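Student: Sharing a structure below in structure tokens format, with a few things to ask.
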Amino acid sequence: MSVQRRTIADSFSKAKSENRALLIGYLPAGYPTVEGSIELIHAMLDNGVDLIEVGLPYSDPLMDGPVIQEAVSAALTGGATTETVLDVVQAVSDHGGLPVVMSYWNPIERYGVERFAQTLSERGGAGVITPDLTIEEAQPWLEAAHKNSIDPIFLVAPSSSEIRISQVSDQTRGFIYAASTMGVTGARDNVSSMAPELVARVRTRTDLPIAVGLGVSTGAQAADIAAYADGVIVGSAFIKAANQGGTAAVAELAAQLAQGVRSAVR
Amino acid sequence: MTTTESTDSVREGSLPGHFGPYGGRFVPEALTAALDELDAAFRAAILDPVFTAELARLERDYTGRPSPLTRANRFEEYCNGARVYLKREDLNHTGSHKINNVLGQALLTQRMGKTRVIAETGAGQHGVATATAAALLGLDCTVYMGEEDTRRQALNVARMKLLGAEVVSVTAGSRTLKDAINEAMRDWVSTVDQTHYMLGTVTGPAPFPELVRFFHSVIGREAREQILAVEGRLPDAVAACVGGGSNAMGLFSGFIDDPEVQLRGYEAGGDGVDTGRHAARFAAGTPGVLHGARTYVMQDEWGQTVASHSISAGLDYPGVGPEHAWLHDIGRAVYEPVNDAEAMTAFSLLSRTEGIIPAIETAHGLAGVMRLGAELGPDSVIMVNLSGRGDKDVATAARWFGIDLGDVVSAELAEGR
């Protein structure tokens with residue numbers, strides 16, 4: 001295989017060489033429509049978002065707060081399927097972006113674990129975040145992901161023990177997703193004080209890049225996190241911006257956050 | 001997972017927390033520590049004589065155990081003359097089997113030093129039981145209930161509030177039990193330091209299916225002793241309705257190691273399995289992952305959960321306990337759908353022949369017994385879990401049978417189905 005694939009690791013290396021954190025933006029595929037989600041993602045990419053997390057809309061998103069719940073519900077009502085997600089992944093890739101998929105486990109299992117990894121790889125996907133797949137249940141997925149050069153990305157939480165952090169890190173490729181708080185997705189006024197401590201604990205256990213998500217919505221918050229983490233993940237805030245001001249608002253938020261990850265004192 | 005050993009023998013060969021390929025843990029990582037803590041607390045508690053003595057005391061003095069075994073002489077005429085026994089969980093405090101599980105989990109909550117419990121509820125029976133146990137042990141209590149269900153089970157909402165619980169009406173998704181579980185999980189992930197999630201049935205991530213089964217296994221233990229005392233032999237079949245499947249697992253667990261006893265579960269066939277409006281996970285579902293476990297799920301070709309339908313709110317759920325999924329696959333238990341109409345016929349028959357108004361959930365099991373009588377013959381011995389009483393279902397049943405409830409009551413209840 002001589003085809004040069006862009007990887008998540010390359011993106012983090014590039015950001016590191018620029019002495020900044022990577023900016024990761026989430027949007028569910030098919031929200032508000034398929035074309036609409038692609039347009040919003042293009043705006044994110046054009047305004048400084050480094051990595052796009054394409055959400056696979058699922059009927060029972062138990063790790064998501066109300067903003068994402070409503071968006072994925074609308075996407076499903078609009079007819080979004082796993083194929084929609086793969087189309088959006090392709091669109092991100094075609095636009096020069098590096099897409100990862102965020103999906104609860106059941107739709108991937110239903111699509112076919114091997115088939116999903118292979119198709120995602122063919123469409124330009126670089127990784128998959130699986131928020132409800134514990135490492136104990138992940139063996140078939142890990143095999144399929146590795147075989148198809150897809151990075152399996154797992155989460156750690158403030159409640160994770162040291163041993164658990166090691167176990168999860170060992171199975172993770174690309175980056176570790178550090179949940180900033182004990183809770184669900186959604187913008188918060190204050191990103192939890194638990195995040196710096198968690199990132200410090202993860203650092204002692206792995207050399208993987210660490211990205212912090214849950215609750216981040218402003219450039220100032222992004223700057224705070226960029227001071228100690230390798231990546232900043234923003235989700236609900238982009239949906240809120242899209243709801244309130246469409247593409248222009250998403251572009252503005254992306255620019256503000258991109259400024260944030262570059263202004264951190266590191 | 002820290003799960004080290006099973007509380008019974010049937011899962012030999014399964015990995016910890018699994019039933020063959022089913023069960024396991026599919027949850028946000030933030031909950032792993034809490035599930036490990038629960039698992040450890042559970043295993044320590046059931047070996048601790050202080051804990052088991054306190055649970056036994058509450059079962060006797062508070063719940064009113066043992067629950068009687070009642071021969072259903074007149075109902076038997078509609079069961080091809082089979083000898084039919086009713087395991088009377090309807091006579092427990094709060095009116096259903098649900099109290100067995102919540103007392104055990106409430107004691108575990110105290111043992112873990114937590115001060116708040118949350119629960120999901122569909123028909124409201126588990127919510128009422130949880131609110132009851134919380135009141136008894138001085139725990140804060142929040143119950144999540146789909147908005148749709150709060151309307152059709154308004155009386156149970158009032159009961160929970162009278163018992164001091166906060167009831168949160170869930171407006172997300174299909175606004176039923178499945179969405180109430182999502183919302184309870186979201187609460188739990190945010191409050192897990194102080195809060196225990198009192199999952200109400202044998203579903204969810206490990207160790208819940210095993211833990212809830214354990215606290216209901218008292219049903220099967222008593223039933224086995226009682227039937228041996230009165231019949232001098234084991235029954236030919238034991239039957240129960242299956243929503244999540246806790247009452248069925250409680251009864252089945254007493255007979256699972258007796259291969260001569262058939263285990264029969266009855267799921268909600270709704271308007272009929274061929275109409276698509278049902279909750280028949282085994283008849284029309286496929287293996288998948290829902291609410292933390294691999295099991296049979298009603299899902300579409302993309303793995304999206306499909307809405308279930310049943311006249312019985314307690315059976316109106318698109319997943320089922322993973323141990324049932326396994327018992328189904330290995331052929332140890334047999335599951336069949338029972339339609340709304342068939343269940344309501346059994347509901348009426350038991351009411352009129354025995355003077356016992358069953359819960360509509362339970363009526364699905366009774367309809368199954370009528371089939372079983374035809375299958376097994378006049379000399380067979382069949383036991384059914386009379387899992388709950390029908391007081392909560394009076395409005396639904398009155399509408400079904402065209403009984404006029406009067407203007408005031410009708411207006412209040414018209415909001416329901």
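The values are calculated or read from the model by the stated rules, or taken from the named source; none is laboratory data. These numbers were taken from a predicted model, which means no experiment stands behind them. With ideal geometry, Cβ positions are generated from the backbone for all residues, glycine too; neighbour counts draw on all protein chains shown. Just so you know, the surface numbers come from the protein's heavy atoms only, side chains and all, with ligands and any DNA or RNA stripped out. Shrake-Rupley method; radii C 1.70, N 1.55, O 1.52, S 1.80 Å.
Student: Checking B:Ser217 against (1) polar (S, T, N, Q); (2) open to solvent by less than 20 Å² (accessible area, probe 1.4 Å); (3) within 14 Å of another protein chain (Cβ to nearest Cβ), which single condition isn't satisfied?
Tutor: So the condition that B:Ser217 fails would be (3).
Student: Give the residues of the stretch B:24-69 that are within 14 Å of chain A (Cβ to nearest Cβ), surrounded by fewer than 19 Cβ atoms within 10 Å (Cβ to Cβ) and of a type in the set (A, V, I, L, M), sorted by residue number.
Tutor: If the condition is that a residue be within 14 Å of chain A (Cβ to nearest Cβ), surrounded by fewer than 19 Cβ atoms within 10 Å (Cβ to Cβ) and of a type in the set (A, V, I, L, M), then B:Ala33, B:Ala40 are the ones that fit.
Student: Just checking, how many residues over the stretch B:388-417 are of a type in the set (S, T, N, Q) and at pLDDT below 60?
Tutor: At the first step, the residues of the stretch B:388-417 found to be of a type in the set (S, T, N, Q) are B:396, B:410.
Add one more test, that the residue is at pLDDT below 60, and what stays is B:410.
Looking only at that region, the number is 1.
Student: Going by the conditions given, is B:Asn100 in a helix (DSSP H, G or I) and under 17 Å from B:Thr362 (Cα atoms)? Steps first, please.
Tutor: Numbers: in a helix (DSSP H, G or I): yes; under 17 Å from B:Thr362 (Cα atoms): yes.
Yes: the conditions hold for B:Asn100.
Student: Shifting gears a bit: Given the options B:Gly173, B:Gly245, name the one that is touching a helix residue (DSSP H, G or I) at 6+ places or on another chain (Cβ under 8 Å), open to solvent by 30 Å² or more (accessible area, probe 1.4 Å) and closer than 22 Å to B:Tyr317 by Cα. Don't jump to the end; show me each part of the working.
Tutor: Working: B:Gly245 fails: open to solvent by 30 Å² or more (accessible area, probe 1.4 Å).
Just one listed residue meets the conditions, B:Gly173.
Student: Of all residues being in contact (Cβ under 8 Å) with a residue 60 or more places away in the chain and in a loop (DSSP other than H, G, I, E, B) in the stretch B:74-97, which is nearest to the chain's Cα centre (by Cα)? Just the residue, please.
Tutor: Ranking the qualifying residues of the stretch B:74-97, first place goes to B:His97.
Quick grid of which residues meet (1) open to solvent by less than 10 Å² (accessible area, probe 1.4 Å); (2) in contact with a Ser or Thr (Cβ under 9 Å, 6 or more places away or on another chain); (3) over 21 Å from B:Lys392 (Cβ atoms):
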| residue | (1), (2), (3) |
| --- | --- |
| B:Gly127 | yes, yes, no |
| B:Glu166 | no, yes, no |
| B:Ser169 | no, yes, no |
| B:Asp187 | no, yes, yes |
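Student: I've got another one for you. Of the residues in the stretch A:140-175, how many are away from every other protein chain (no Cβ under 12 Å), among the small types (Gly, Ala, Ser) and in a loop (DSSP other than H, G, I, E, B)? If you could, list the steps in order and put the result at the bottom.
Tutor: Initial filter on the stretch A:140-175 (away from every other protein chain (no Cβ under 12 Å)): A:142-152, A:166, A:170, A:173-175.
Of the ones still in play, those that are also among the small types (Gly, Ala, Ser) are A:144-145, A:149, A:166, A:174.
Filter once more, keeping what is in a loop (DSSP other than H, G, I, E, B): A:149, A:174.
Qualifying residue count, the stretch A:140-175: 2.
Student: What pairs can you find where one residue is in the stretch A:183-195 and farther than 18 Å from B:Glu183 by Cα, the other is part of a helix (DSSP H, G or I) and not β-branched (Val, Ile, Thr), and their Cβ atoms are less than 6 Å apart, with a gap of 6+ or different chains?
Tutor: Correct list of pairs: A:Val191/A:Gln221.
Student: So, one more: Among the residues in the stretch B:329-342, are any open to solvent by less than 20 Å² (accessible area, probe 1.4 Å) and either within 16 Å of B:Phe19 (Cα to Cα) or modelled with pLDDT under 95 (or both)? Step through it out loud before you land on a result.
Tutor: Looking only at the stretch B:329-342, we keep the residues that are open to solvent by less than 20 Å² (accessible area, probe 1.4 Å), and these are B:333, B:338, B:340.
Applying the additional criterion that residues be either within 16 Å of B:Phe19 (Cα to Cα) or modelled with pLDDT under 95 (or both) yields B:333.
Yes, the conditions are met somewhere in the stretch B:329-342.
Student: Looking only at the stretch A:1-21, how many residues end up being open to solvent by less than 10 Å² (accessible area, probe 1.4 Å) and either in a helix (DSSP H, G or I) or under 22 Å from A:Gln90 (Cβ atoms) (or both)?
Tutor: 2
Student: Quick one: which of A:Ser149, A:Ser103, A:Ser161, A:Ser93 is farther than 18 Å from B:Thr32 by Cβ and out of contact with any strand residue (DSSP E or B) (no Cβ under 9 Å at 6 or more places or on another chain)? Walk me through it before giving the result.
Tutor: On the way: A:Ser103 fails: out of contact with any strand residue (DSSP E or B) (no Cβ under 9 Å at 6 or more places or on another chain); A:Ser161 fails: farther than 18 Å from B:Thr32 by Cβ; A:Ser93 fails: out of contact with any strand residue (DSSP E or B) (no Cβ under 9 Å at 6 or more places or on another chain).
Residue meeting the stated conditions: A:Ser149.
Student: Follow-up question, since we're still on this one. Looking at the stretch A:44-60, which of its residues are more than 13 Å from A:Val100 (Cβ to Cβ) and open to solvent by less than 10 Å² (accessible area, probe 1.4 Å)? So that I can check it myself, show each step before the final result.
Tutor: Of the residues in the stretch A:44-60, the ones more than 13 Å from A:Val100 (Cβ to Cβ) are A:44-48, A:57-60.
Matches in the stretch A:44-60: A:Met44, A:Pro57, A:Asp60.
Student: Please determine, by comparing only the residues of the stretch B:343-391 that are of a type in the set (D, E, K, R) and farther than 14 Å from B:Phe75 by Cα, which one is surrounded by the fewest Cβ atoms within 10 Å (Cβ to Cβ).
Tutor: To start, the set of residues in the stretch B:343-391 that are of a type in the set (D, E, K, R) comprises B:352, B:354, B:361, B:371, B:375, B:379, B:389, B:391.
Remaining after also requiring farther than 14 Å from B:Phe75 by Cα: B:361, B:375, B:379, B:389, B:391.
Numbers: B:Glu361: 31, B:Glu375: 15, B:Asp379: 9, B:Arg389: 21, B:Asp391: 12.
Result: B:Asp379.
Student: Considering only the stretch B:30-72, state which residues are closer than 30 Å to B:Leu234 by Cβ and not in a helix (DSSP H, G or I).
Tutor: Across the stretch B:30-72, the qualifying residues are B:Ile46, B:Leu47, B:Gly64, B:Arg65, B:Pro66, B:Ser67, B:Pro68, B:Leu69, B:Thr70, B:Arg71, B:Ala72.
Student: Consider only pairs whose beta carbons are under 9 Å apart and that are at least six residues apart or on different chains; among these, list those whose first residue lies in the stretch A:60-81 and is at the interface with chain B (Cβ under 7 Å from one of its Cβ atoms) and free of Cβ contacts under 8 Å to residues at least 60 places away in the same chain and whose second residue is crowded, with 24+ Cβ neighbours inside 10 Å and among the basic types (Lys, Arg).
Tutor: A:Asp60/B:Lys178
Student: State which residue is nearest to A:Pro158 (Cα to Cα) when the search covers only the stretch A:223-235 and only residues that are in contact with a helix residue (DSSP H, G or I) (Cβ under 7 Å, 6 or more places away or on another chain) and surrounded by fewer than 24 Cβ atoms within 10 Å (Cβ to Cβ).
Tutor: Looking at residues that are in contact with a helix residue (DSSP H, G or I) (Cβ under 7 Å, 6 or more places away or on another chain) and surrounded by fewer than 24 Cβ atoms within 10 Å (Cβ to Cβ), I get A:Tyr228.
Student: Go over the candidates A:Ala220, A:Ala187 one by one and state the one that is open to solvent by 10 Å² or more (accessible area, probe 1.4 Å), part of a loop (DSSP other than H, G, I, E, B) and away from chain B (no Cβ under 14 Å).
Tutor: On the way: A:Ala220 fails: part of a loop (DSSP other than H, G, I, E, B).
After ruling out the rest, the residue left standing is A:Ala187.
Student: Would you mind telling me which numbered condition in (1) open to solvent by 10 Å² or more (accessible area, probe 1.4 Å); (2) free of Cβ contacts under 8 Å to residues at least 40 places away in the same chain; (3) within 20 Å of A:Gly213 (Cβ to Cβ) A:Phe154 fails?
Tutor: It fails just one condition, (1).
Student: Among the listed residues A:Arg188, A:Arg173, A:Arg201, which satisfies the condition of being modelled with pLDDT under 95 and out of contact with any Leu (no Cβ under 6 Å at 6 or more places or on another chain)? Show your work before the answer.
Tutor: Working: A:Arg173 fails: modelled with pLDDT under 95; A:Arg201 fails: modelled with pLDDT under 95.
Of the residues listed, the single one that is modelled with pLDDT under 95 and out of contact with any Leu (no Cβ under 6 Å at 6 or more places or on another chain) is A:Arg188.
Student: Of all the residues that make up the stretch B:84-111, how many are open to solvent by less than 60 Å² (accessible area, probe 1.4 Å) and more than 14 Å from B:Asn247 (Cβ to Cβ)? Steps first, answer last, please.
Tutor: Keep residues of the stretch B:84-111 that are open to solvent by less than 60 Å² (accessible area, probe 1.4 Å), which gives B:84-90, B:92, B:94-109.
Those left that are additionally more than 14 Å from B:Asn247 (Cβ to Cβ): B:84-85, B:103-109.
Residues that pass the stated criteria total 9.
Student: Right, next: Among the residues that make up the stretch A:152-163, is at least one of them over 20 Å from B:Asp36 (Cα atoms) and modelled with pLDDT of 95 or more? Before the answer, list the steps.
Tutor: Step one: filter the stretch A:152-163 for residues over 20 Å from B:Asp36 (Cα atoms), giving A:152-153.
Retained after the next criterion (residues that are modelled with pLDDT of 95 or more): A:152-153.
Yes; the residues of the stretch A:152-163 include at least one that is over 20 Å from B:Asp36 (Cα atoms) and modelled with pLDDT of 95 or more.
Student: Exactly one condition in (1) more than 14 Å from chain A (Cβ to nearest Cβ); (2) out of contact with any Ser or Thr (no Cβ under 8 Å at 6 or more places or on another chain); (3) surrounded by fewer than 24 Cβ atoms within 10 Å (Cβ to Cβ) is not met by B:Glu301; state its number.
Tutor: (1)
Student: Scan the stretch A:83-112 residue by residue and report those that are open to solvent by 10 Å² or more (accessible area, probe 1.4 Å) and of a type in the set (Ser, Thr, Tyr).
Tutor: A:Thr84, A:Ser93, A:Tyr111 - these are the residues of the stretch A:83-112 that are open to solvent by 10 Å² or more (accessible area, probe 1.4 Å) and of a type in the set (Ser, Thr, Tyr).
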